[in-house]
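**Q** Pasting a structure below so you can have a look.
The values are calculated or read from the model by the stated rules, or taken from the named source; none is laboratory data. All figures in this text were calculated on a predicted structure; none of them were measured in a lab. We place every Cβ from the backbone using ideal geometry, glycine too, and count neighbours over all the protein chains shown. These accessible areas exclude ligands, DNA and RNA; they are computed on the full protein's heavy atoms, side chains included. Shrake-Rupley method; radii C 1.70, N 1.55, O 1.52, S 1.80 Å.
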Amino acid sequence: MTRRHDIDALRVLAFALLILYHLGMAYVDGWGFHLKSTHTTPDLQWPMRLVNGWRMSLLFLISGVAIALLGPRLAAGRFALLRTWRLLLPLVFGMFVVVPIQPYCEAVSNGHASPGFGAFLLRYWQVRPWPEGSFAGASFGITWNHLWYLAYLWCYSMVLVLLKPLLDSGPVRRLTGRMARSHGLFLLLGPAAVLLLWLVWLAPAHPATNTLVNDTYQHAKYFTVFLIGYALGRETAFWQRAVALRWASLVAVCLAVLWYFLLEALGRWLPADSVLRTWPEGFWSLQSRFCEMLYVWGVMLTLLGWAKRHLDRPFAWLPYCTEAVYPWYILHQSVLIAALFWLKPLHLGPVLEPLLVLLATVAGCLLLHEYLIRRVRWIRPLFGLKAANGDISRRHAAVTNARA
């Protein structure tokens, strides 16, 4: 397999954005989070809303693309075993070892636990329900918090194993090939229309839970983009179309955002006796939701196109970051919340505090990954890495030399 540097780079950038997003969650006013700073502001809602719609969908899309790029090497049984090992082992380890600092800080802040992490951990490891309101997931006795992505990705991967004979059949491959070569308007609007269907049909009755069960809308949305990534990611024509459409899809994204916020502004500013308010609510709602889904899919398509055009090259930083991204993902929210928990009582202000929290998060992830996780053979699999060290750098070098 020729390594796709743009997919590696896009994954790294997506997870870096996730760190910034979770930092913002601690400081945005009006949105719930495991631990909030005293220096919150509603001004963060605008940029975070622009990211919130597609940030996780992009990760599932990239995962589908990465599996597609394995090509003939994707033997179903071996793939299922490898995905189980690389996803469920870090998930279970993370829930019992990495994540507990988060519910501890949350429970202490909520007044449902006394200071003392050791005592909390012994109680937490018993996996018995906690008093209501102690922390997110208290009724289950244990929580995975930000690691829910691993559980969802494992489930989708197992379903993909079952669907692979159908998806790899001749008729389906010919259909996806025609879709990949279709008119750019269809490539832009088709997936957006499917996502709009889930939003209109499922979202009102099935709000997001991140609990795997009873999360119908999110499963429909994320599994759809995961399948799109697998189905189209292996089609050369799709990447050619994505690159060719990168400017058009960017314009569509901007227009969708402008119209969405214009509709929202009209809803707030129109006089009560305006004739526009007599129009059916569904007329406005459908426009708003379509703009939302066009924006979500348009951003992903635009990122794929621009990444293929400019990031498909062996950057010097890419091999290290490709290996580091999984451990950093597992660690970052625990380090972030712990840093905020310790810095919050110091009342450092709305600028210094978030800056120090960000620096502490980056430093903590860097030090733990560099000096512990990647250097200790038996720890590496607990964070989703292969037991052997240095193989990624060698593979990148081999691919680079082969392409030179």
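**Q** Somewhere in region 299-306, is a residue modelled with pLDDT of 95 or more, more than 29 Å from VAL159 (Cβ to Cβ) and either open to solvent by less than 70 Å² (accessible area, probe 1.4 Å) or not basic (Lys, Arg) (or both)?
**A** For region 299-306, residues modelled with pLDDT of 95 or more, more than 29 Å from VAL159 (Cβ to Cβ) and either open to solvent by less than 70 Å² (accessible area, probe 1.4 Å) or not basic (Lys, Arg) (or both): present.
**Q** With respect to ARG246, determine if the residue is modelled with pLDDT of 95 or more, surrounded by fewer than 21 Cβ atoms within 10 Å (Cβ to Cβ) and of a type in the set (Lys, Arg).
**A** yes
**Q** A further question on this structure: With the condition kept exactly as written, say whether any residue in region 217-233 is of a type in the set (A, V, I, L, M, F, W, C), closer than 21 Å to HIS183 by Cβ and assigned to a loop (DSSP other than H, G, I, E, B).
**A** No: region 217-233 contains no residue that is of a type in the set (A, V, I, L, M, F, W, C), closer than 21 Å to HIS183 by Cβ and assigned to a loop (DSSP other than H, G, I, E, B).
**Q** Determine, yes or no, whether ALA192 is open to solvent by less than 20 Å² (accessible area, probe 1.4 Å), more than 29 Å from ARG78 (Cβ to Cβ) and either of a type in the set (Gly, Ala, Ser) or in contact with a Cys (Cβ under 9 Å, 6 or more places away or on another chain) (or both).
**A** Criteria met by ALA192.
**Q** Here is a follow-up. Please go through region 270-289 and give me each residue that is modelled with pLDDT of 85 or more, in contact with a Leu (Cβ under 7 Å, 6 or more places away or on another chain) and open to solvent by 50 Å² or more (accessible area, probe 1.4 Å), ordered by number.
**A** The answer is TRP284, ARG289.
**Q** List pairs: first in region 25-40 and farther than 15 Å from GLN333 by Cα, second acidic (Asp, Glu) and at pLDDT 95 or above, Cβ under 7 Å, 6+ apart or cross-chain?
**A** Listed pairs, sorted by first residue: HIS39/GLU353; THR40/ASP29.
**Q** Report yes if some residue within region 324-346 is open to solvent by 10 Å² or more (accessible area, probe 1.4 Å) and under 30 Å from LEU255 (Cβ atoms); otherwise report no.
**A** no
**Q** Could you grab me the full set of residues in region 1-52 that are hydroxyl-bearing (Ser, Thr, Tyr), surrounded by 15 or more Cβ atoms within 10 Å (Cβ to Cβ) and in contact with a strand residue (DSSP E or B) (Cβ under 9 Å, 6 or more places away or on another chain)?
**A** TYR27, THR40
**Q** Then there's this: For a quick check of your reading of the model, give me the residue pairs whose first member lies in region 364-377 and is farther than 12 Å from ASN389 by Cβ and without any contact (Cβ under 8 Å) to a residue 40 or more places away in the chain, whose second is open to solvent by less than 80 Å² (accessible area, probe 1.4 Å) and assigned to a loop (DSSP other than H, G, I, E, B), with beta-carbon atoms closer than 8 Å and at least 6 apart or on different chains.
**A** LEU372/ILE379
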